[in-house]
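So the structure is just underneath, and the comments pick up after that.
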Amino acid sequence: MTNPYTVDNAYWSRGYVDPAFVRLGMTRARETGPTRRVWRGAGPRWDLREDHEDLDNLLVTPRTGDPAVKLTEFLAAAETDAILVAHRGKIVYERYFHGMRPHDVHLSASVAKSWTGLLAALLIDEGVLDADQPLSHYAPELGGTAFGDATIHHLLHMGTVMDYGGRPFCKPLEAQRYFAAVGIVPRPAGFTGPTSVKEHLATARAVAPPGTEFRYDNGNTEAVAEALRRVTGVSLADLWSERVWARLGADEDGAYCLDSTGTEIACGRYSATLRDLARLGEMLRRGGTVGDRQLVPEHIVADLTNVPPGPAQRALPTGGARPIGYHNFWWVPGDGHGTFGARGIHGQRLQVSPGRELVIAHYGSHVMSPSVPVPALEAVFAQIGDHLTG
């Protein structure tokens, strides 16, 4: 008899080929499932200055050999929902599409992994969390699993080499099985798999020692988030609010989606407005400051681009001499501008480039299909930066 937890590509790809369907999920997460508020705090809003430039007709070349197109044409093809470009601390370009408005929230998908990495870096720096301890030191019930036996350092660099349920690891399929486990997508008839974040983590078994391979998987982020809860005694939502969001001068509350047990889904279910996403990037570009307040120690921000030796230095092959690295759940392209970024499925991006004095926040709903190329967002962002810096 076929295991109902073993499903094929056809099942998981249904519904992921229509941008309108994707957009509905990205913009209505607070209305379709349980969420936990991330309080914006009682302080004043951080007003970002504006000095707009007409970039609509800027010619960009998404990939080598592609014809040059206007920026607005590229954004339309990329199913962009919203984009904000800040240069030298001022908003120079801001556009909303498909009915999205500045005060509307949008899922950031795996961009939210970087929030967990930033919190972990803060607690490690303060001595509250030990990067050299295995997760099982903080969550003993996960001992003997791939995540429980990996150190916090390995988890922060996607260094856990695992499979689930004895199946050969397939990143797209395991991501969708995880989404089913936590209730993001409908479960197939007869589903017998895990139904919460922690149940999902408990099914992982190591197939190689930690640190021998870069294996991008949501479980690494969920494992670190569990350690953060254990060492602080508060929810991830409250921790993120207390340490960053309530001190940022955000426009709106953020929100984490929850699993069936009320646990935040840390790996990619955080909602916020575009401007608040940009505020976070601008705070980091300024070395962790908002005005005269130091939200994040400057040395922690500076360390985000220090990818440690090992597989994380080659996290994303580019086909060129310079692969993209990964550190504390942030992507590091090593482009000579000190750039680091957060990336999420369907076109969610936050890119911070101190050398260019540039921050770009982007929300999208591009489809995930073998027949639809992933938009070359980072290449276009670089061209925007080159144009602005002259």
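The values are calculated or read from the model by the stated rules, or taken from the named source; none is laboratory data. Here the structure is a predicted model, which is why all the values come from computation and not from measurement. Methodologically, a virtual Cβ is constructed for each residue, glycine included, from the backbone with ideal geometry; neighbour enumeration extends over all protein chains shown. Each accessible area value is taken on the protein alone, full model and side chains, heavy atoms only, with ligands, DNA and RNA left out. Shrake-Rupley method; radii C 1.70, N 1.55, O 1.52, S 1.80 Å.
Note on the stretch 74-168: enclosed strands (runs of 3 or more DSSP E) holding 1 or more residues that are open to solvent by less than 10 Å² (accessible area, probe 1.4 Å) and under 30 Å from R37 (Cα atoms) are 80-87, 90-96.
Is it true that some residue in the stretch 42-54 is in a helix (DSSP H, G or I), crowded, with 16+ Cβ neighbours inside 10 Å and modelled with pLDDT under 95? Looking through the stretch 42-54, none of the residues is in a helix (DSSP H, G or I), crowded, with 16+ Cβ neighbours inside 10 Å and modelled with pLDDT under 95. Among the conditions (1) assigned to a helix (DSSP H, G or I); (2) touching a strand residue (DSSP E or B) at 6+ places or on another chain (Cβ under 7 Å), the only one that H362 does not satisfy is (1). Those residues that are surrounded by 17 or more Cβ atoms within 10 Å (Cβ to Cβ) and among the small types (G, A, S), I need them from the stretch 367-390; list them, please. Result: A376, A382, G385.
Residue check: is V372 over 16 Å from the mean Cα position of the chain (by Cα), closer than 25 Å to V92 by Cβ and of a type in the set (A, V, I, L, M, F, W, C)? It is false that V372 is over 16 Å from the mean Cα position of the chain (by Cα), closer than 25 Å to V92 by Cβ and of a type in the set (A, V, I, L, M, F, W, C). Scanning the stretch 335-355 for residues that are farther than 28 Å from A29 by Cα and in contact (Cβ under 8 Å) with a residue 60 or more places away in the chain turns up S353, P354. Every condition in (1) assigned to a loop (DSSP other than H, G, I, E, B); (2) modelled with pLDDT of 95 or more holds for I384 except the one numbered (1).
Within the set A121, A139, A146, A112, the sole residue that is small (G, A, S), under 22 Å from V224 (Cβ atoms) and out of contact with any Leu (no Cβ under 9 Å at 6 or more places or on another chain) turns out to be A112. Determine which member of the set R349, R343 is open to solvent by less than 40 Å² (accessible area, probe 1.4 Å), part of a strand (DSSP E or B), over 17 Å from P210 (Cα atoms) and of a type in the set (D, E, K, R). That would be R349, the only listed residue that is open to solvent by less than 40 Å² (accessible area, probe 1.4 Å), part of a strand (DSSP E or B), over 17 Å from P210 (Cα atoms) and of a type in the set (D, E, K, R). Residues of the stretch 300-329 that are in contact (Cβ under 8 Å) with a residue 60 or more places away in the chain and either open to solvent by 50 Å² or more (accessible area, probe 1.4 Å) or charged (D, E, K, R) (or both): D303, R314. Across the stretch 252-276, the qualifying residues are those that are out of contact with any helix residue (DSSP H, G or I) (no Cβ under 7 Å at 6 or more places or on another chain) and among the β-branched types (V, I, T), and the one among them that is farthest from V197 (Cα to Cα) is T273.
Return yes when H362 is in contact (Cβ under 8 Å) with a residue 40 or more places away in the chain and open to solvent by less than 10 Å² (accessible area, probe 1.4 Å) and no when it is not. Considered against the rule, which asks whether it is in contact (Cβ under 8 Å) with a residue 40 or more places away in the chain and open to solvent by less than 10 Å² (accessible area, probe 1.4 Å), H362 comes out as yes. If you check V197, V128 for being within 23 Å of the chain's Cα centre (by Cα), among the β-branched types (V, I, T) and under 28 Å from L239 (Cα atoms), only one passes: V197. Once the stretch 286-322 is narrowed to residues that are of a type in the set (S, T, Y) and at pLDDT 95 or above, the residue that is nearest to R247 (Cα to Cα) is T289. Given (1) part of a loop (DSSP other than H, G, I, E, B); (2) more than 21 Å from T212 (Cα to Cα), identify the lone condition not met by R322. With (1) part of a loop (DSSP other than H, G, I, E, B); (2) more than 21 Å from T212 (Cα to Cα) applied to R322, the lone miss is (2).
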